Amino acid sequence: MKKFSAAHPEFATFLSWAKSAPWTGSYAEEHYNSLDSFLFVDGSGAAHPIRWSLVPAAQPVPVSPDDLAKRGPDFLEQEITQRVAAGPQRWSLVVTVANPGDPTADPNKAWPADRRTVEVGTLIVQQIEPERDGPCRDINFDPTVLPAGIKTSDDPFPAARSAAYSRSYNSRTAEESYYPRTATGAQQ
Ligand code: HEM
């Protein structure tokens with residue numbers, strides 16, 4: 001990691017954020033940020049560069065790194081399973097609209113904090129299923145496969161990720177015969 005960050009000084013921005021980030025004990029209390037820029041197309045067909053965030057409805061409760069280290073390796077998975085069983089968890093989908101000239105091609109570069117934001121939807125998680133033989137396992141989460149109205153921008157990372165995800169997906173599905181089986185022994 002030392003060699004990598006020396007060769008890529010832009011990585012320092014993430015490292016300093018990670019040192020000061022408010023760590024929480026729950027997926028439900030976290031912000032999820034695209035970092036990558038995408039284009040949102042409005043009703044008139046005009047494309048607007050944006051970055052999206054899923055902003056939690058749950059109030060974040062900071063937990064110190066020492067306290068986190070004491071919890072078990074799967075505590076986040078156990079916590080979200082219990083929390084969703086007790087009630088649905090929500091996030092707002094918020095898009096931040098770029099001003100002309102904002103760097104869309106470099107996800108390392110933050111945009112100024114005063115950019116216009118628009119709340120465009122709500123994610124409601126009502127059910128958690130284990131991943132080992134669940135319905136999300138056989139999906140390739142390719143960030144360039146997008147619904148109508150959302151397109152890739154000049155940010156080169158989604159295309160690079162698409163190539164890496166395809167290779168990973170092909171490798172793991174080629175080992176399908178080793179996949180976990182359900183309790184009844186039937187393969188999913
Ligand atoms: C904005 C930056 C990124 C985000 C938000 C992101 C997000 C994700 C997500 C959500 C998954 C699926 C995880 C799951 O199945 O549980 C994933 C998988 C993966 N990511 Fe990324 N990722 C990013 C950058 C990258 C980069 C730069 C690379 C390497 C070029 C990369 C390589 C991979 C690979 C190889 C997989 C596994 C793909 C598969 O087997 O389906 N990611 N990523």
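Of everything listed in (1) in contact with an Asp or Glu (Cβ under 7 Å, 6 or more places away or on another chain); (2) more than 22 Å from ALA98 (Cα to Cα), the single unmet condition for ARG161 is (1).
Here's the yes/no breakdown for (1) among the small types (Gly, Ala, Ser); (2) within 16 Å of the ligand (Cβ to nearest atom); (3) modelled with pLDDT under 95:
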site	(1), (2), (3)
ALA6	yes, no, yes
THR24	no, no, no
ALA28	yes, no, no
PHE40	no, no, no
LEU54	no, yes, no
VAL61	no, no, no
THR81	no, yes, no
GLY87	yes, no, no
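Every test in (1) under 17 Å from SER34 (Cβ atoms); (2) in contact with a strand residue (DSSP E or B) (Cβ under 7 Å, 6 or more places away or on another chain); (3) more than 14 Å from the ligand (Cβ to nearest atom) is passed by PRO103 save one, and that test is (2). Are any of the residues in the stretch 161-181 hydrophobic (A, V, I, L, M, F, W, C), outside any helix (DSSP H, G or I) and free of Cβ contacts under 8 Å to residues at least 60 places away in the same chain? Checking the stretch 161-181: at least one residue is hydrophobic (A, V, I, L, M, F, W, C), outside any helix (DSSP H, G or I) and free of Cβ contacts under 8 Å to residues at least 60 places away in the same chain. With respect to the conditions (1) more than 24 Å from HIS31 (Cβ to Cβ); (2) within 16 Å of the ligand (Cβ to nearest atom); (3) modelled with pLDDT of 95 or more, PRO180 lacks only one, and its number is (3). VAL120 fulfils the conditions (1) within 16 Å of the ligand (Cβ to nearest atom); (2) out of contact with any Lys or Arg (no Cβ under 8 Å at 6 or more places or on another chain); (3) in contact (Cβ under 8 Å) with a residue 24 or more places away in the chain; (4) not in a loop (DSSP other than H, G, I, E, B) except for a single criterion, (1).
In the stretch 45-72, what residues are in a strand (DSSP E or B) and surrounded by fewer than 13 Cβ atoms within 10 Å (Cβ to Cβ)?
Once the filter is applied, which keeps residues that are in a strand (DSSP E or B) and surrounded by fewer than 13 Cβ atoms within 10 Å (Cβ to Cβ), the stretch 45-72 yields only PRO62.
For beta carbons closer than 8 Å, sequence separation of 6+ or different chains, a first residue in the stretch 22-35 that is within 20 Å of LYS109 (Cα to Cα) and a second that is part of a loop (DSSP other than H, G, I, E, B) and within 16 Å of the ligand (Cβ to nearest atom), the qualifying pairs are LEU35/PRO107. The residue pairs whose first member lies in the stretch 123-148 and is on the phi < 0 side of the Ramachandran plot and modelled with pLDDT of 90 or more, whose second member is assigned to a loop (DSSP other than H, G, I, E, B) and within 8 Å of the ligand (Cβ to nearest atom), and whose beta carbons are closer than 9 Å, counting only pairs six or more residues apart or on different chains, are GLU129/CYS136; PRO143/SER34; PRO143/ASP36.
The values are calculated or read from the model by the stated rules, or taken from the named source; none is laboratory data. Here the structure is a predicted model, which means the values were calculated and not measured. No Cβ is skipped: glycine too gets one built from the backbone with ideal geometry, and neighbour counts run over all protein chains shown.
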